[in-house]
Amino acid sequence: MEVFFFAAPRTVQAFTGTYGINYGRIADNIPSPDEVVTLLRAAKIKNVRIYDANHSVLNAFSGTGLEIVIGLPNGNVKEMSGNESHAMDWVKENVQAFLPRTKICGIAVGNEVLGGGDYELWTVLLGAAKNIYNSLEKLHLADVVQIQTAHSQAVFANSYPPSSCIFKDDVVQFMKPLLEFFSQIGSPFCLNAYPFLAYMGDPENIDINYSLFQSTKGISDSKTNLHYDNMLDAQIDAAYAALEDAGFKKMEVIVTETGWASRGDDSEAAATVDNARTYNYNLRKRLAKRKGTPLRPKKMLKAYIFAIFNENLKPGPTSERNFGLFKPDGSISYDIGYHGLKSSADSSHLSLKV
């Protein structure tokens, strides 16, 4: 098959459709990558993100048609920023060696770096992204593989109402050059958005139905006269407002993580099976509509769900180990219309036309 590489302006599409999933593997009891491929294909989920470039996963995905975004872990960001040849070696070993049989369509350079606790990483993120990109360019892969990095809510100030959102003062000096580079290469703004965490942070003042896409009076943004009937749309439009304030009105926002925990500590009362099922079922319906948000109605919302599995070795509160749509044995954690590797005898399947 002949592949043609076109000169700028480039837009690499790293996401087909609207629905994807994160494949976290901080666990010692989850199915093999080959079984995960079977699970994903049965669920008709095509877009997948992993947090590293694990070769057993990349080999398992070979020839499957699944589209994968791999990760350069935070622990490698400084090295890639300071050494172009190391970046080239990394790209050759973890990307070029697997293309085109494994459809690697993106590289996430670091995860939630800006606004995070390791300030040194803030200063080297852009350098790493540029070196990885330049390596792709030299290998004629920059039109095949998109460079991106995911941000948490910690990069924002004043996210309520959505139109008032801006980047934090200490973040903006690092964010603006990154956005400038991403706008040049056609990369989106990647947001990890969790109504679950926002609700847990302020349950007295937030209607849980608003967080779960359930019927609610919602909120109105007086500056834009826009109405929001769910929190995820509001979180995304807050990101759009911050981008516009920074001078990047045309940049697309993609949700790289969102989900709801099905179990938690005593202090995490919202982490229940019912709430997780409600959030993820309603999110599937929301994404299946292929609609935008109130502020960007023509930009179809795209999101990667967190996550495939409950991950039993993740540190932190109990909720961190219970975001999976599937249990470690491959059966469903709760029913949102998927069939697991093992069927649950008592499962009553919800119908969902996607």
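Some notes on this structure:
- Hits in segment 97-114 (condition: open to solvent by 40 Å² or more (accessible area, probe 1.4 Å) and in contact with a Ser or Thr (Cβ under 9 Å, 6 or more places away or on another chain)): Arg101, Lys103, Asn111, Glu112
- Qualifying residue in segment 157-175 (condition: closer than 19 Å to Ala129 by Cα and aromatic (Phe, Trp, Tyr)): yes
- Segment 58-75, residues that are touching a residue at least 40 places away in the same chain (Cβ under 8 Å) and of a type outside the set (Val, Ile, Thr): Leu58, Asn59, Phe61, Ser62, Glu67, Gly71, Leu72, Asn74
- Selection status of Ala142, touching a helix residue (DSSP H, G or I) at 6+ places or on another chain (Cβ under 9 Å), without any contact (Cβ under 8 Å) to a residue 12 or more places away in the chain and within 24 Å of Lys46 (Cβ to Cβ): no
- Checking each residue in segment 162-206 for being open to solvent by 50 Å² or more (accessible area, probe 1.4 Å), in contact with a helix residue (DSSP H, G or I) (Cβ under 9 Å, 6 or more places away or on another chain) and assigned to a loop (DSSP other than H, G, I, E, B) picks out only Lys168.
- Residues being among the hydroxyl-bearing types (Ser, Thr, Tyr) and over 19 Å from Tyr133 (Cβ atoms) - total across segment 52-111: 4
- Any hit, segment 284-295, residues being touching a Cys at 6+ places or on another chain (Cβ under 9 Å), under 26 Å from Thr149 (Cβ atoms) and of a type in the set (Gly, Ala, Ser): no
- Some residue of segment 78-94 being crowded, with 16+ Cβ neighbours inside 10 Å, at pLDDT 95 or above and under 20 Å from the mean Cα position of the chain (by Cα): no
Conditions tested, residue by residue: (1) buried (at least 22 other Cβ atoms within 10 Å of the Cβ); (2) over 22 Å from the mean Cα position of the chain (by Cα); (3) over 28 Å from Phe15 (Cβ atoms).
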{"residue": "Ser215", "(1), (2), (3)": "no, yes, yes"}
{"residue": "Asp221", "(1), (2), (3)": "no, yes, no"}
{"residue": "Ile236", "(1), (2), (3)": "yes, no, no"}
{"residue": "Thr256", "(1), (2), (3)": "yes, no, no"}
{"residue": "Gly259", "(1), (2), (3)": "yes, no, no"}
{"residue": "Arg286", "(1), (2), (3)": "no, no, no"}
{"residue": "Arg290", "(1), (2), (3)": "no, no, no"}
{"residue": "Ala303", "(1), (2), (3)": "yes, no, no"}
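- Unmet requirement for Leu125, which otherwise passes all of (1) farther than 18 Å from Ile185 by Cα; (2) in a helix (DSSP H, G or I); (3) touching a residue at least 24 places away in the same chain (Cβ under 8 Å): (1)
- The residue that is surrounded by the most Cβ atoms within 10 Å (Cβ to Cβ), among those in segment 1-40 that are at pLDDT 75 or above and of a type in the set (Phe, Trp, Tyr), is Tyr23.
- The residues on offer are Val144, Val109, and the sole one that is among the β-branched types (Val, Ile, Thr), in contact with a strand residue (DSSP E or B) (Cβ under 6 Å, 6 or more places away or on another chain) and modelled with pLDDT of 95 or more is Val109.
- Against the conditions (1) modelled with pLDDT of 95 or more; (2) within 23 Å of Val255 (Cα to Cα), Ser62 satisfies every one except (2).
- Residues (over 17 Å from Ser81 (Cβ atoms), open to solvent by 10 Å² or more (accessible area, probe 1.4 Å) and β-branched (Val, Ile, Thr)) located in segment 115-154: Val144
- Those strands (runs of 3 or more DSSP E) lying entirely in segment 207-317 with at least 1 residues within 27 Å of Tyr51 (Cα to Cα), in contact (Cβ under 8 Å) with a residue 40 or more places away in the chain and not basic (Lys, Arg): 253-258, 303-306
The values are calculated or read from the model by the stated rules, or taken from the named source; none is laboratory data. Only a predicted model underlies this, so the values are computations on that prediction, with no experimental measurement involved. For neighbour counting, all protein chains shown are included, and Cβ atoms are generated from backbone atoms with ideal geometry for every residue, glycine included. Each accessible area value is taken on the protein alone, full model and side chains, heavy atoms only, with ligands, DNA and RNA left out. Shrake-Rupley method; radii C 1.70, N 1.55, O 1.52, S 1.80 Å.
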